[in-house]
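For reference, the structure discussed in these notes is given below.
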Ligand SMILES: C[S@@+](CC[C@H](N)C(=O)[O-])C[C@H]1O[C@@H](n2cnc3c(N)ncnc32)[C@H](O)[C@@H]1O
């Protein structure tokens, strides 16, 4: 298994015990050092490597049965960088193996682009409303409701530039290069049917697909 963008090793705890060989990577050397130290006494040999997911020369073609990029780690680059990462992931994944990742849901951004949802009359939500107004009009003033409605993906600044994509568009993209593409809701944890992809407003969605 390859755990991309392993961060502080949150997912290592859940997955390492189930796989024959576990490799965690991150482009932040401090996080890789923290994982090495955290899991130094682990009863199985685990590997942690510094590696940018855009270029992974460390790994040969078709090396992994399972590749995970959890907690929206894929969302912190441009569209072009995301395409590069997905290409590398396909190169090092074994045919028939699995790729799982999560990504922010553009449907959920409706709260920022619809005045009725943006301005809550409830005083208890004043702080949330103020935060949303700041995000919408200070950090993302180049985006308007029409762009939001007509886009399959946008880069939205939440304090950090973040990639948001419509689940329907993400599934369609994955279907070009992977097979058995499935999407799972964050709130219910259950698989979403094709018609639910249009309307789900979960903050992010988990995708699972297989390498050709
Ligand atoms: C939100 S954290 C998730 C950490 C961990 N996977 C988890 O689920 O708790 C995203 C991680 O992805 C890493 N990351 C983002 N883009 C990356 C890239 N291009 N290559 C390698 N790591 C990356 C970040 O450094 C960060 O540690």
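The values are calculated or read from the model by the stated rules, or taken from the named source; none is laboratory data. Since we're looking at a predicted model, the values are computed, not measured. Backbone-built Cβ (ideal geometry, glycine too); neighbour counts: all protein chains shown.
For the condition under 15 Å from residue 106 (Cβ atoms), buried (at least 19 other Cβ atoms within 10 Å of the Cβ) and touching a strand residue (DSSP E or B) at 6+ places or on another chain (Cβ under 7 Å), what is the one hit in 183, 169, 203? Before you say what the answer is, go through the steps one by one.
On the way: 169 fails: buried (at least 19 other Cβ atoms within 10 Å of the Cβ); 203 fails: buried (at least 19 other Cβ atoms within 10 Å of the Cβ).
The conditions single out 183.
Being over 30 Å from residue 62 (Cα atoms), surrounded by 19 or more Cβ atoms within 10 Å (Cβ to Cβ) and not assigned by TED's automatic domain parsing to the domain that holds residue 56 is true for just one of 140, 144, 122. Which residue is that? Can you show your working first?
Details: 144 fails: surrounded by 19 or more Cβ atoms within 10 Å (Cβ to Cβ); 122 fails: surrounded by 19 or more Cβ atoms within 10 Å (Cβ to Cβ).
When all the criteria are applied, what remains is 140.
Among the residues of the stretch 15-42, which ones are more than 15 Å from residue 64 (Cα to Cα), touching a helix residue (DSSP H, G or I) at 6+ places or on another chain (Cβ under 8 Å) and within 12 Å of the ligand (Cβ to nearest atom)?
26, 35
Is it the case that residue 45 is more than 15 Å from the ligand (Cβ to nearest atom) and assigned by TED's automatic domain parsing to the domain that holds residue 207?
Working: more than 15 Å from the ligand (Cβ to nearest atom): yes; assigned by TED's automatic domain parsing to the domain that holds residue 207: yes.
Here the answer is yes, as residue 45 does meet what is asked.
Would a scan of the stretch 7-14 turn up a residue that is touching a helix residue (DSSP H, G or I) at 6+ places or on another chain (Cβ under 9 Å) and part of a helix (DSSP H, G or I)?
If we filter the stretch 7-14 for residues that are touching a helix residue (DSSP H, G or I) at 6+ places or on another chain (Cβ under 9 Å), which is where we start, we get 7-9, 12.
Keeping just the survivors that are part of a helix (DSSP H, G or I) gives 12.
Looking through the stretch 7-14, at least one residue is touching a helix residue (DSSP H, G or I) at 6+ places or on another chain (Cβ under 9 Å) and part of a helix (DSSP H, G or I).
Checking residue 152 against (1) closer than 30 Å to residue 92 by Cα; (2) crowded, with 18+ Cβ neighbours inside 10 Å; (3) not assigned by TED's automatic domain parsing to the domain that holds residue 91, which test does it fail?
For residue 152, the exception is condition (2).
The rows are residues; the columns are (1) touching a residue at least 40 places away in the same chain (Cβ under 8 Å); (2) within 12 Å of the ligand (Cβ to nearest atom).
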residue: 54; (1), (2): no, yes
residue: 60; (1), (2): no, no
residue: 63; (1), (2): yes, no
residue: 72; (1), (2): yes, yes
residue: 88; (1), (2): no, yes
residue: 91; (1), (2): no, no
residue: 94; (1), (2): yes, no
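For the stretch 110-212, which strands (runs of 3 or more DSSP E) that fit wholly inside it have 1 or more residues that are farther than 17 Å from residue 79 by Cβ?
On the way: elements: 153-157, 161-165, 178-185, 204-211.
Hits in the stretch 110-212: 178-185, 204-211.
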